[in-house]
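First the structure, which I've put down as structure tokens, then a few questions once you've had a look.
The values are calculated or read from the model by the stated rules, or taken from the named source; none is laboratory data. Remember, it's a predicted structure, so these values are computed and weren't measured experimentally. All Cβ positions, even for glycine, are placed from backbone atoms using ideal geometry, and neighbour counts span all protein chains on display.
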Amino acid sequence: MPKTTTPNKNKAALACFLLFLAVAIGAFGAHGLKGKVSDLAMETFKTGSLYHFFHATGLLILSQIKEINIKKEYIFMLIGIILFSFNCYLYAITGVKQFAMIVPIGGFSFLIAWLMLCFKFFFQSPGKIS
């Protein structure tokens with residue numbers, strides 16, 4: 001009978017895949033875009049890559065927490081990566097302003113995730129965290 005994976009393993013696998021993408025996309029930006037886009041576009045790309053890396057690492061850490069329910073926080077962080085980082089990439093490459101307009105929504109999603117985690121860890125007693 002095949003082994004089934006637990007939700008935490010699936011979350012960890014997704015986080016690792018997002019980290020793989022962070023490295024691959026970062027390398028593409030560093031080597032493939034150099035001299036092909038403006039300095040401002042490169043900075044936007046680098047910011048997207050940096051936030052992608054930090055938050056994918058955050059997802060990997062969250063995937064290993066078993067004592068508390070962090071599903072909502074994980075989802076907000078994942079949405080942040082998609083809306084912030086990937087739209088930074090698209091805007092830097094294409095220059096289409098509609099992509100830049102979505103970036104703050106992703107940033108807000110990151111803020112929500114971190115603030116929810118802060119409240120969860122700080123204000124709830126260990127026996128009541130869920």
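Please specify each residue of segment 26-40 satisfying the condition of being surrounded by 14 or more Cβ atoms within 10 Å (Cβ to Cβ) and without any contact (Cβ under 8 Å) to a residue 24 or more places away in the chain. Before the answer, list the steps.
Applying the first criterion (surrounded by 14 or more Cβ atoms within 10 Å (Cβ to Cβ)) to segment 26-40 yields 26, 28-29, 33, 37.
Residue satisfying the conditions is PHE28 alone.
Within the bounds of segment 110-128, is there any residue that is modelled with pLDDT of 95 or more, within 23 Å of ALA12 (Cβ to Cβ), surrounded by fewer than 19 Cβ atoms within 10 Å (Cβ to Cβ) and in contact with a helix residue (DSSP H, G or I) (Cβ under 6 Å, 6 or more places away or on another chain)?
Yes, some residue in segment 110-128 is modelled with pLDDT of 95 or more, within 23 Å of ALA12 (Cβ to Cβ), surrounded by fewer than 19 Cβ atoms within 10 Å (Cβ to Cβ) and in contact with a helix residue (DSSP H, G or I) (Cβ under 6 Å, 6 or more places away or on another chain).
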